[in-house]
1. Considering only region 204-233, how many residues are more than 20 Å from VAL251 (Cα to Cα), of a type outside the set (A, V, I, L, M) and modelled with pLDDT under 95?
2. Any idea which residue in region 355-399 is nearest to LEU512 (Cα to Cα), counting only those that are among the β-branched types (Val, Ile, Thr) and in a strand (DSSP E or B)?
3. Only one residue in GLU82, GLU66 is of a type in the set (D, E, K, R) and in contact with a helix residue (DSSP H, G or I) (Cβ under 7 Å, 6 or more places away or on another chain). Which one?
4. Checking GLY201 against (1) at pLDDT 95 or above; (2) more than 20 Å from ALA279 (Cα to Cα); (3) small (Gly, Ala, Ser), which test does it fail?
5. When you check GLY493 against the structure, is it more than 28 Å from the chain's Cα centre (by Cα), surrounded by fewer than 23 Cβ atoms within 10 Å (Cβ to Cβ) and within 13 Å of the ligand (Cβ to nearest atom), yes or no?
6. Suppose we keep only residues that are within 16 Å of ALA470 (Cβ to Cβ) and either assigned to a loop (DSSP other than H, G, I, E, B) or hydroxyl-bearing (Ser, Thr, Tyr) (or both) within region 502-514. Which one would you say is nearest to the ligand (Cβ to nearest atom)?
7. Could you look through region 501-510, keep only residues that are surrounded by 12 or more Cβ atoms within 10 Å (Cβ to Cβ) and under 13 Å from ARG526 (Cβ atoms), and pick out the one that is modelled with the lowest pLDDT?
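The values are calculated or read from the model by the stated rules, or taken from the named source; none is laboratory data. All values derive from a computational prediction rather than experimental measurement. Heads up, the Cβs are rebuilt from the backbone with ideal geometry, glycines too, and the neighbour counts pull from every protein chain shown.
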Amino acid sequence: MCVPIMVHDIHTALADAVAARDAGADLVEFRIDEFFSGDLDEAPGILRMIAESPLPCIVTCRHKSEGGQYDGEEDARVSLYERLGTASGKDEHPPRYLDFELDRYTSSENIKQKMNLAIDAIGRQRGSPREHAPSLILSNHDFASRPADLSRRVLKMRGEEAGSVMKFAYRARSLRDNLELFDLLAERDRPMIALAMGEFGLISRILAPKFGGFLTFASLRPTSTTAPGQPTVSELLDLYRFRSINAETKVYGIVGWPVGHSLSPLVHNAAFEALGINAVYVPLPVPDRAEGVQGQEKEEGQVDTGRMPVPRDGVESAGYASFKATMLALIDHPRFDLCGASVTIPHKENLVRLASEQGWEMDDLSKSCSAANTLVIDRDAAGAATGIRVLNTDGPAAIACLREGIGEVAGKRIGILGAGGVARAIAMALGMAGASVTIYNRSTSRASELAQAVTNNTGAACKAAELADADMAHHEAWVNCTPVGMKGGPHPGASVLGDAAFRNSLPGTAVLDTVYNPIRTPLLERAGAAGWRTIDGVSMFARQAEAQFHAWMGRNSPGSLFERLVRERLAT
Ligand code: NAP
């Protein structure tokens, strides 16, 4: 793992290099493109930095044409590389690597010759005075997208034998752009760095050791990244267990949009660590752009009138085309080893739709509410997918939480606030468990549609009502499935139930708030003050994640690990 350091002054750069070593890095990259003005009198300072570096280093003076800051004379830049590469005086030595752009290297025979002198490809033999000459990293960057002529660039790179390490970095426009980089790594004829930039490229950085990447870059601090999407050293080491990733590592992840702030990587990676499982859990962002969803045929999920309709177009089908293309590409990739995923907003319905199309196995709850949050992929020893299932762990998790508050749910009167994705799963699961459910929602048509589906599908009594009527109703338990009260949501300081609800309540009423950030929502604060039993969203989050873990691993996650980690994280 290499920490890039943008050099502004030698003293600070060295302090950062020490911090990088202490944080666990193997290598630093001194990016001197802002520091070097074109004046070769600056070379002694740079050589002192190389000599005093606590870690082996790459020196890069990145040219403006490839995303760097250097726009001075090319002759001066090449002369500097030559000076650094051939340093041999007292207290000075060359860096371990010099990074130079392939396109500049091949732009003239003169530059090529001088760079070859800097690395002394011929003299760099054991025992020779130039044994410690630097190795050349030939690099190629595209900050816009995957280059259209990538294959040509790879061939051109392969033709340049002076390059000891090949580096390709381009902006990923989707998760699928990473797969091509993994294929390049598999076919490499010498050490290769292959990284995708941007939030879709994070997996290329985390999974570099799985595919034999020469290194990955990680920043010292969130504010000191040198390329978009670069993780920090501590994220790589502590969250993603970078040191334990190898060719055999199984991949799991959270599919949704956005997924950057999900707590799922925290809990699942911690469980892998605690149980010594060779797996990693990564963010798998799939955007909600609606693409190519028109003109499709009726799907399995739409035939049974007892089910919620499988979304087909418009807002509810958001991103189906990209979801489908991405999931199938990840599942089918011969080396990616995707063995399971959590699926969240906006793709829970898309998962059921895809499972119907592909004939994957589905649990009853996912079928009846047309939303699933868990994908399980069984693979044989050769890595081929042998069975794919989807299930919904939100409903059972909510029921487990409610049992803590009111005991068995069968026969109990339960009010659900909201009629969105989570409400659907919970209402349907409660109907299946024999509870008597009333759905209160802002848009009553949505509440009626859900109530009808629960009744049709489960045979349980399920009614719909206006959200405004909730305050005057009596239930043994309530479940908030709206984002009201959520940090960063539409009404962060508000409670979806008003004063009258607490005044009119039955003794021993319980409330589960699915919102988990903050842990004590305004609804739970008010309910607690009124003497209600309160169950927070962390309990539900932990239970749905534990059920996912069990579905993937066939064993339990450790004790209360998930709940403890989430509570600790949200408390900070
Ligand atoms: P969703 O599909 O977007 O549904 C949101 C529901 O809330 C809709 O019924 C919507 O009413 C209603 N709503 C939205 N804003 C409202 C407002 N200002 N006032 C009243 N009602 C409002 O979302 P979802 O996927 O069901 O998620 C809902 C909540 O569940 C999220 O806040 C999330 O934090 C929580 N959640 C928790 C867990 C857990 O494990 N603890 C898991 C998943 C989700 P309309 O139909 O009228 O638009």
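1. Going through region 204-233 one residue at a time, the tally reaches 7.
2. In the first step, residues of region 355-399 are kept if they are among the β-branched types (Val, Ile, Thr); the result is 374, 376-377, 386, 388, 390, 393, 399.
Filter once more, so that each one left must be in a strand (DSSP E or B): 374, 376-377, 386, 388, 390.
Details: THR374: 22, VAL376: 28, ILE377: 32, THR386: 38, ILE388: 32, VAL390: 25 Å.
The extreme case among them is THR374.
3. Details: GLU66 fails: in contact with a helix residue (DSSP H, G or I) (Cβ under 7 Å, 6 or more places away or on another chain).
Checking each option against the conditions leaves just GLU82.
4. (2)
5. Details: more than 28 Å from the chain's Cα centre (by Cα): yes; surrounded by fewer than 23 Cβ atoms within 10 Å (Cβ to Cβ): yes; within 13 Å of the ligand (Cβ to nearest atom): yes.
Here the answer is yes, as GLY493 does meet what is asked.
6. Step one: of region 502-514, the residues within 16 Å of ALA470 (Cβ to Cβ) are 502-506, 509-514.
From what is left, the residues that are either assigned to a loop (DSSP other than H, G, I, E, B) or hydroxyl-bearing (Ser, Thr, Tyr) (or both) are 504-506, 509, 514.
Values: ASN504: 20, SER505: 20, LEU506: 23, THR509: 20, THR514: 4 Å.
That would be THR514.
7. In this case the residue turns out to be SER505.
Rundown of residues vs (1) of a type in the set (A, V, I, L, M, F, W, C); (2) more than 25 Å from SER234 (Cβ to Cβ); (3) crowded, with 16+ Cβ neighbours inside 10 Å, yes/no style:
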{"position": "PRO4", "(1), (2), (3)": "no, no, yes"}
{"position": "ILE10", "(1), (2), (3)": "yes, yes, yes"}
{"position": "LEU14", "(1), (2), (3)": "yes, no, yes"}
{"position": "VAL18", "(1), (2), (3)": "yes, no, no"}
{"position": "ALA23", "(1), (2), (3)": "yes, no, yes"}
{"position": "ILE32", "(1), (2), (3)": "yes, yes, yes"}
{"position": "LEU40", "(1), (2), (3)": "yes, yes, no"}
{"position": "ARG48", "(1), (2), (3)": "no, yes, no"}
